[in-house]
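Below: one structure, written as structure tokens.
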Amino acid sequence: MAERHSPWENPQQDYKLILAKRRSERRYRSLQLAKTLKILLTKFKKLGVDNRNAEILGWIDQLENDAEYLDDEDFASAKKFVSRMQKELTKLEK
């Protein structure tokens, strides 16, 4: 059975390959966010701040365990959380 393309699709383009690349990129970016959170957690611990540790550890676990399956909303909320923690850290370091 031949693969049928919709009129807006490019028949020379391999969509399975494109989706695999997108998943791979999302996985890489999710793991990078997890690394950033680990660094932030270390810096918070050096400053003696313990009130955010559980939340940061929860995000790290979610990003590492579900890196391949994160949707856009979860990824965007993880990015917002990381930026919020970075801002909070800069305030504490001043």
Study note, to complete from the structure: Between residue 65 and residue 84, the two model label points (7 Å from Cα along the beta-carbon direction) sit apart by a distance in nm of 2.1 nm
Study note, to complete from the structure: If the chain between residue 4 and residue 21 were fully extended at 0.36 nm per residue, the gain over the current Cα-Cα distance would be 3.9 nm
Review point. Taking the Cβ-Cβ separation of residue 49 and residue 75 as r and a Förster radius of 22 Å, what is the calculated FRET efficiency to the nearest 0.05?
Key: 0.30
Review point. Under a Cβ-Cβ cut-off of 12 Å, what is the net charge of the residues other than residue 37 that fall near it, where Lys and Arg count +1 and Asp and Glu count -1?
Key: +3
**Study point:** Max mean-square fluctuation residue, GNM over the chain, Cα-Cα springs under 10 Å, options 64, 73, 25
**Key:** 73
Check your understanding: Whats the longest run of the chain with zero chymotrypsin sites (Phe, Trp or Tyr not before Pro) that are DSSP loop and have at most 15 other Cβ atoms within 10 Å?
Key -> 9-68
Review point. Here are several values of mean projected area of the Cα convex hull in nm²: (i) 8.2; (ii) 11.9; (iii) 5.4. Which one was derived from the coordinates shown?
Key: (i)
Review point. In nm, to one decimal, how far is the residue 12 label point from the residue 38 one, both placed 7 Å along Cα→Cβ?
Key: 4.3 nm
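FYI, it's all coordinate maths here, none of it is from the lab. Treat the numbers as computed from the prediction; the structure is a model and nothing was measured. All Cβ positions, even for glycine, are placed from backbone atoms using ideal geometry, and neighbour counts span all protein chains on display.
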